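Values quoted throughout were computed directly from the atomic coordinates according to the rules given, and no laboratory measurement underlies them. Remember, it's a predicted structure, so these values are computed and weren't measured experimentally. Here the Cβ is made from the backbone with ideal geometry for all residues, glycine too, and neighbour counts use every protein chain on show.
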Amino acid sequence: SKAPVITVDGPGGSGKGTITQMLARRLGWHLLDSGALYRLTALAAERQGVSLEDEPSLVNVAASLDVAFEPTPPGEPAKVLMAGVDVTADIRTETCGDNASKVAVMQPVRDALLQRQRDFQKPPGLVADGRDMGTVVFPDAPVKIFLTASAEERAQRRYSQLKDAGVDVNIDALLEEIRVRDERDMNRAAAPLKPADDAQVIDSTGLSIEEVLVRVMAAAGQA
Ligand code: C5P
């Protein structure tokens, strides 16, 4: 029962989240937001008083995550429940993303989340969003996309998002945070962020969401 998988990997702020959500909806396929699992591990650790340096305990936290993704109306982010509690907003903070990328360098933590991710592969198909979907989690996926954008553009998008949400931020600080996180994700030993050998690379710099979606659909052979 091997349902088809489209993997979409790339750095944070490349538009992956929005694009994979639209793609999955359009195809009527399942969606895996693997970054949410790393964010949830970081959040659960914080709430359980587990240090981000305590690898054995972090592995337990990751292995015992009680998580549910609930569908929402088009355009809204999927609702994320941890132990029945809505944590959708809590996992989207810059701090949680930063902590997620710290726990994500640990191979045993990644191992603890591996099968949970593969369980999302169900008919009629799966769109998988992350950093290592095409390289590690679904190496046999028939379609692999690597979505990227310049760090400046990603900082600008994040800035606009936060400004719309009424959050006051400094764009230079955002750019610096993005650079630090890219650095950590690309240079780690465990499943570093990089395009799979057979991935199609799409640069979304200067493109609208609609324009990116057209390119992604074409790459996926679904245009
Ligand atoms: O994509 P998102 O910003 O939600 O991911 C948060 C962090 O989780 C990333 O910076 C990365 O370090 C980690 N991650 C990962 N592998 C994935 C998805 C996310 O290491 N497949």
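Work out, in µm²/s and without decimals, the Stokes-Einstein translational diffusion coefficient of region 4-133 at 25 °C, 0.890 mPa s, Rh from Kirkwood over C-alpha pairs. My calculation gives 164 µm²/s for D. Taking a straight line from the alpha carbon of residue 144, these lysines sit under 27 Å away, with near neighbours fewer than eight places off in the same chain left out: 2, 16, 79, 102, 122, 194. Charging the Cβ of each Asp and Glu at -1 and of each Lys and Arg at +1, and nothing else, the dipole of the chain about its Cα centre rounds to 600 debye. Restricting the calculation to Cα atoms, region 5-219 yields a radius of gyration followed by a Dmax of 16.3, 46 Å.
Taking a sphere under 12 Å around the Cβ of residue 157 and counting the other residues whose Cβ falls inside, with K and R at +1 and D and E at -1, yields a net charge of +1.
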